[in-house]
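K.L.:
My questions will all concern the structure given below.
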Amino acid sequence: MKVLIVGSGGREHAIAASVAKSTKVDKIYCAPGNAGIGSLAECVPIGAMEFDKIVSFAKEKDIDLTIVGMDDPLVGGLVDELEAAGLRAFGPRKNAAVLEGSKAFSKDLMKKYKIPTAKYENFDDAKQAEAYLETAKFPVVLKADGLALGKGVLICKDLEEAKEGVKSIMLDKKFGSAGNQMVIEEFMTGREVSVLSFVDGKTIKTMTSAQDHKRALDGDKGLNTGGMGTFSPSPFYTEEVDKFCREHIYQPTVDAMAAEGREFKGIIFFGLMLTQEGPKVLEYNARFGDPEAQVVLPRMKNDLIEVVSACIDGKLDEIDLQFEKNAAVCVVLASEGYPVDYKKGFAIHGLESFEGKEGYYCFHAGTKKTENGIVTNGGRVLGITAKGRDLKEARANAYEATKWVTFENKYMRNDIGKAIEEV
Ligand code: AMP
Ligand code: GLY
């Protein structure tokens, strides 16, 4: 069969690598893809938000399955448009992708169906938000309602900072129309865990757990980024936590979406916080995490195409989802200055070192093929993943492999997965 993947990051490279392993697949296309994906798929210069072009391309090439990796096209309704044209697509329709697309919607859903999450209020008026803050406990968390590249969350330590935050989100529109509404919620403390799951509308099967490091600098300091590295599994995600989440979070979320007439088929990514009062939902995403996919998918034993097809056909209950009993760590190699200001266009050396190395992966994020070879083309450039028998070994392997590639302004965190030493 012919598969089209929509997206261009490290996550889509990891998806492409899994799709390429399937015996059912003859040809992979990626729109728009990147230099690394280009070694597995034919990249086509169509942007992820160019819906008409994607649909025409899929029809013209007789694509059997389109996998949408990114949040923007899902929230914008790409799956609906593909389906309307009679094409098969993996990912939630627009009315279900709102689970990620609107934080106000997701908070109201959790409240209505008693799914544990931080206490909150929604606002569409800056004056009312400010008035509410006068009585709030600090620190407090402000969230732009819509998609904001993972940057629309502000943790404010006092009233002054919070009022400034409301102004920047709702009045100055720092995150554009994502700030037309906002959520103000209680600040929680605890370990964060990411749990990705496959959903077919009624059945949910969770993947192995992972943890992301969102801040730019070692010790979880500096600005929030798209993710500087991940490890999987999370040793903090115990059987007891898993049992609680199954009962109170996972299935209840899927059932709630169905009850609201918003049947969810695709990936639900639960961002959880393990608080003193038990696990609570920080946020939902409607897609694989980036760079969570880069540590979860390499450990999956199943044929991804079989699982994805079962989701679309409502037959996920027939799948026995299995993960290797090992560990993986992904270290992101970024361009110095990310996430604010960084240069592009530097030659990348050493990519060939990964060829034939079992258990090592070099997932491309911001890279581009030029006449002079592959060059940096974004803030996050590569995701270096390595497996090991346990997290400690995986971590050592991943950091060893980061030495194999060089480019000017290469920057990485040195403490990805270090928290495991506390266990
Ligand atoms: P989100 O995009 O909602 O996952 O938020 C981004 C990051 O902000 C999370 O990964 C947390 O580190 C932090 N965060 C979000 N909500 C809260 C909260 N209620 N309490 C504490 N930290 C939060
Ligand atoms: N790594 C976090 C995300 O994909 O949203």
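K.L.:
Quick check on the chain: take the gyration tensor over C-alpha atoms, sort the square-rooted eigenvalues as a ≥ b ≥ c, and tell me if it's rounded (a/c under 1.5), prolate or oblate.
P.N.:
Details: a/c = 1.38, a/b = 1.21, b/c = 1.14.
In terms of gyration-tensor shape, rounded.
K.L.:
A follow-up question, please. If the only charges are +1 at each Lys and Arg Cβ and -1 at each Asp and Glu Cβ, what is the size of the charge dipole of segment 197-316 around the Cα centre, to the nearest 20 debye? Let's see the in-between values first.
P.N.:
Working: 14 positive and 18 negative charges, 27 e Å.
Roughly 120 debye, rounded to the nearest 20.
K.L.:
Another question, if that's okay. Read phi for every residue in segment 41-48 and hand back ³J(HN,Hα) as whole Hz from Karplus 6.51 cos²θ - 1.76 cosθ + 1.60, θ = phi - 60°, with x for Gly and Pro.
P.N.:
Karplus-based 3J(HN,Hα) across segment 41-48 equals 9, 8, 7, 10, x, 10, x, 5 Hz.
K.L.:
Continuing with this model, one more query. Between Pro92, Leu109, Tyr132, whose Cα lies farthest towards the positive end of the dipole of segment 88-153 when Lys and Arg beta carbons carry +1 and Asp and Glu beta carbons carry -1, centred on the Cα centre?
P.N.:
Result: Pro92, furthest along the dipole toward the positive end.
K.L.:
I've got another one for you. How would you order 224-231, 405-412 from highest to lowest mean count of nearby Cβ atoms within 10 Å?
P.N.:
So the order, starting with the most tightly packed, is 224-231, 405-412.
K.L.:
For Tyr342, Tyr250, give the ranking by accessible area with the largest first, probe 1.4 Å.
P.N.:
Tyr342, Tyr250
K.L.:
7 Å from Cα along Cα→Cβ at both Leu171 and Asp341: what's the point-to-point distance in nm?
P.N.:
So the two model labels end up 2.7 nm from each other.
K.L.:
Something else about it: Under a point-charge model restricted to the Cβ atoms of Lys and Arg (+1) and Asp and Glu (-1), what is the dipole moment magnitude of segment 77-231 relative to its Cα centre, in debye to the nearest 20? Write down the numbers at each step before the final one.
P.N.:
Details: 24 positive and 23 negative charges, 83 e Å.
So the magnitude is around 400 debye.
K.L.:
For segment 103-114, what does the Karplus curve 6.51 cos²θ - 1.76 cosθ + 1.60, with θ = phi - 60°, yield as ³J(HN,Hα) per residue in whole Hz, taken in order and with x for Gly and Pro?
P.N.:
Going residue by residue, I get 5, 4, 4, 5, 5, 5, 4, 5, 5, 4, 9, 6 Hz, with x marking Gly and Pro.
K.L.:
Top mean-square fluctuation among Gly378, Gly150, Gly266, Gaussian network model of the chain, C-alpha springs under 10 Å?
P.N.:
Checking each option, the largest mean-square fluctuation is seen for Gly150.
K.L.:
Can you give me the Cα centroid spacing of segment 29-53 and segment 228-306 in angstrom?
P.N.:
For segment 29-53 versus segment 228-306, the Cα centre distance is 27 Å.
K.L.:
For segment 260-303, what % of the accessible area comes from carbon and sulfur atoms, probe 1.4 Å?
P.N.:
38
K.L.:
State the antiparallel share, in %, of DSSP beta bridges confined to the chain, rounding to the nearest 5.
P.N.:
Percent antiparallel among DSSP bridges in the chain is about 80.
K.L.:
To continue, here is another question. Need one word for segment 136-205: rounded, prolate or oblate. Basis is the Cα gyration tensor (sqrt eigenvalues a ≥ b ≥ c); a/c below 1.5 gives rounded, then a/b vs b/c decides.
P.N.:
oblate
K.L.:
Just need log10 I(q)/I(0) for segment 1-74 at q = 0.13, 0.16 Å⁻¹, Debye formula, equal scatterers on the alpha-carbon atoms, no solvent, rounded to two decimals.
P.N.:
Those come out to -0.30, -0.46, one per q.
K.L.:
Residue by residue through segment 134-148, which ³J(HN,Hα) values in whole Hz follow from phi under the Karplus form 6.51 cos²θ - 1.76 cosθ + 1.60 (θ = phi - 60°), with glycine and proline marked x?
P.N.:
4, 10, 7, 8, 10, x, 10, 10, 10, 10, 5, 5, x, 6, 9
K.L.:
What shape does segment 334-404 take by its C-alpha gyration tensor, where a ≥ b ≥ c are the square roots of the eigenvalues and a/c under 1.5 counts as rounded, a/b above b/c as prolate, and the rest as oblate?
P.N.:
oblate
K.L.:
Counting only protein heavy atoms and a 1.4 Å probe, tell me what percentage of segment 153-250's accessible area is made up of carbon and sulfur.
P.N.:
53
K.L.:
Please calculate the 1.4 Å probe accessible area of Asp212, with all protein chains present, and give it to the nearest 10 Å².
P.N.:
Near enough 20 Å² of accessible area.
K.L.:
How would Met49, Met188 rank on accessible area, largest to smallest, probe 1.4 Å?
P.N.:
Listed by decreasing accessible area, they come as Met49, Met188.
K.L.:
If you roll a 1.4 Å probe over the heavy atoms of the protein chains, what accessible area per residue do you get for the chain, in Å²?
P.N.:
43
K.L.:
Would you look at the GNM of the chain, springs on alpha carbons closer than 10 Å, and say which of His248, His13, His364 moves the most?
P.N.:
His248
K.L.:
Provide the gained length on full extension for the span Tyr132 to Thr238, in nm with one decimal, where the gain is 0.36 nm per separating residue minus the Cα-Cα distance.
P.N.:
34.4 nm
K.L.:
Can I ask one more? Tell me which trypsin sites (Lys or Arg not before Pro) from segment 229-309 have a DSSP coil assignment and no more than 12 other beta carbons within 10 Å of their own.
P.N.:
Lys301
K.L.:
Note down the relative contact order for segment 153-244 as a percent, whole number, built from C-alpha pairs under 8 angstrom at least six residues apart.
P.N.:
The value is 16 percent.
K.L.:
Per residue, what volume in Å³ does the convex hull of the Cα atoms of segment 232-377 enclose?
P.N.:
187
K.L.:
Around Glu283, which amide H atoms from residues at least 5 apart in sequence, or from another chain, sit under 5 Å from its own amide H, with H modelled in the peptide plane?
P.N.:
Gly271
K.L.:
Tell me the relative contact order for the chain as a rounded percent, counting alpha carbon contacts under 8 Å between residues six or more apart.
P.N.:
16
The values are calculated or read from the model by the stated rules, or taken from the named source; none is laboratory data. Small disclaimer: the values here were computed from a predicted structure and weren't measured. Backbone-built Cβ (ideal geometry, glycine too); neighbour counts: all protein chains shown. SASA here: full protein model, heavy atoms, side chains in, ligands and nucleic acids out. Shrake-Rupley method; radii C 1.70, N 1.55, O 1.52, S 1.80 Å.
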